[in-house]
Protein chains: 2
Amino acid sequence: MRISELAARTGVPLATVKFYLREGLLMPGNATSATQAVYSDEHVRRLGLVRALAVQGLPLHKIKAVVGLVDDPRDDLFAVLGNAIAALPPYVDPPGDGDYPRARRILERLGQVYEPDFAAVAQLEQALAALEAAGLEMSDRRIDVYGRHIRDIAALDLELLPTASRRATVEAAVLGTALYEPVLTAMRRLAHQHLAARLFAGDGDTSDPIVQEPQ
Amino acid sequence: MRISELAARTGVPLATVKFYLREGLLMPGNATSATQAVYSDEHVRRLGLVRALAVQGLPLHKIKAVVGLVDDPRDDLFAVLGNAIAALPPYVDPPGDGDYPRARRILERLGQVYEPDFAAVAQLEQALAALEAAGLEMSDRRIDVYGRHIRDIAALDLELLPTASRRATVEAAVLGTALYEPVLTAMRRLAHQHLAARLFAGDGDTSDPIVQEPQ
DNA sequence: ATTATTGGGTAGTTGGACTATCCAATAATG
DNA sequence: CATTATTGGATAGTCCAACTACCCAATAAT
């Protein structure tokens, strides 16, 4: 297919497709002449990946890093996965002084290794710092409950990772990390509302147990 | 305290504090004269809240909506909580045609009510659509496991919600929704790495079971 | 032969979030 | 009380990311 069909099929404006090509987010088509190039289903997939990540709020330069890893996983698989995860939001600007005390506390309590070089450790530290700044805390109870359930979820994630090819594994890991997160987030919010509805209904705090929520 | 002390104490640049005042994110100080106003610990807290939400990527107009709810919860508590959650990211632009088939499938399988007016339903639908667009799927197995663990986490969240005052409850609910999410996200990523390290080590896929991950 | 489309490039737009500057009124200080 | 600093209030400017629009000469399509 040619570029305009690629744009039409993915719903991405032509100007934007060209922009992505320029930015290196989308690999060039197979040029058949000076003014013509052919695009494949690979390009459709890639465009879908870019858009999927962009919708989740990933800045383009981070997306570029991710697709770069998907394209060229030269390191060992585990390192590639780590790199990919590190490229995902949230972004922690200052690597800090090398110590993340809040994250360390969590990990030690959960019996996981504390490895300051893991990007997710810095992410956890930042999240915990934000919590503190807002006057909330991470109690032991919460650590234990969150930790247990999250670990079970993570175990399933790994179990369901495809192992057909390294490329497939990397791509699925990156995509899965980025794309199942909002699913979990939305499910948690819905669970809150589901459980809260029962609580409030029992309270008599509101006359109507099924309360509507404006958009 | 005066405005410059407020800025100094929170670490927010003075110009930005003024900007937040103009935008209505921060309530005005108690004016003692034409060129002087006193700010309280309330202002410090509010500034912390605004910053905490901003760091998580919330655009200012959404933050304004959230603090508006915290300030003036005129509806019943459950509706206020729903509104607050609806104001949080991700943002789903098109309310759609009113049906969210993918989200409906999940909720029905989990035995939760499908209420299209809940903002989180649209969020779930969008997340599932992004998954599909990228060629991933939400299997029944995944629904069941995610659903069970997420529900337990949500139950704890509700249990730990303060009930001292309505204001405290609303504020904690909003903050908790926004600020515990990145904690869970980071914990899941760390669990992935923790579990993956064991898997790969057992594989012999890499010579070193403890693999470092570049920044 | 004529019209449409392409790849490639440059420049302009939009929106969000600040940041800088100015000003007249008032506080603080010696 | 004279001088210096700070304040609230407002306006305008900056910076960045992510597009979007336009132009062009070379080819394809009809």
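The values are calculated or read from the model by the stated rules, or taken from the named source; none is laboratory data. Predicted model, so just to flag it, every value in this text is computed and none were measured. Note that each Cβ is placed from the backbone with ideal geometry, even for glycine, and that neighbours are counted across all protein chains shown.
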Seminar exercise, completed: Of (1) at pLDDT 90 or above; (2) away from DNA strand C (no atom under 12 Å from the Cβ); (3) not in a loop (DSSP other than H, G, I, E, B), B:M27 satisfies every one except (3)
Problem set entry | Meets criteria (closer than 27 Å to A:A191 by Cβ, in contact (Cβ under 8 Å) with a residue 12 or more places away in the chain and not aliphatic (A, V, I, L, M)) for B:Q36 | no
For this session: Look through A:E159, A:E171, A:E137, A:E132 and report the one residue that is surrounded by 20 or more Cβ atoms within 10 Å (Cβ to Cβ) and in the same structural domain as A:T185 (by TED's automatic domain parsing).
Result: A:E171
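Which ones in region A:31-42 are more than 12 Å from DNA strand D (Cβ to nearest atom) and away from every other protein chain (no Cβ under 14 Å)?
First, the residues of region A:31-42 that are more than 12 Å from DNA strand D (Cβ to nearest atom): A:39-42.
Hits for region A:31-42 are A:Y39, A:S40.
Please tell me if B:L49 is within 23 Å of the chain's Cα centre (by Cα), modelled with pLDDT under 90 and crowded, with 18+ Cβ neighbours inside 10 Å. Give the derivation first.
Working: within 23 Å of the chain's Cα centre (by Cα): yes; modelled with pLDDT under 90: yes; crowded, with 18+ Cβ neighbours inside 10 Å: yes.
Yes: the conditions hold for B:L49.
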Exercise. If we scan region B:43-50, do we find a residue that is within 14 Å of DNA strand D (Cβ to nearest atom) and away from chain A (no Cβ under 12 Å)?
Worked result: yes
Exercise. Looking at this structure, is A:S165 assigned by TED's automatic domain parsing to the domain that holds A:L81 and modelled with pLDDT of 80 or more?
Worked result: no
Seminar exercise, completed: Reported set for region A:34-53 where residues are small (G, A, S) and more than 8 Å from DNA strand C (Cβ to nearest atom) is A:S40, A:G48, A:A52
For this session: Please identify the pairs in which a residue from region A:1-19 that is under 12 Å from A:Y39 (Cα atoms) has its Cβ atom under 9 Å from the Cβ atom of a residue that is away from DNA strand C (no atom under 11 Å from the Cβ) and among the acidic types (D, E), counting only partners at least 6 apart or on another chain.
Result: A:M1/A:D41
For this session: Within region B:1-28, work out how many residues are farther than 21 Å from A:A130 by Cβ, under 25 Å from the mean Cα position of the chain (by Cα) and either within 7 Å of DNA strand D (Cβ to nearest atom) or of a type in the set (S, T, N, Q) (or both).
Result: 2
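State all residues of region B:152-176 that are touching a residue at least 24 places away in the same chain (Cβ under 8 Å) and at the interface with chain A (Cβ under 7 Å from one of its Cβ atoms); if no residue qualifies, say none. Walk me through how you get there before you give the answer.
At the first step, the residues of region B:152-176 found to be touching a residue at least 24 places away in the same chain (Cβ under 8 Å) are B:153, B:166-167, B:169-171, B:173-175.
Within region B:152-176, B:I153, B:L175 qualify.
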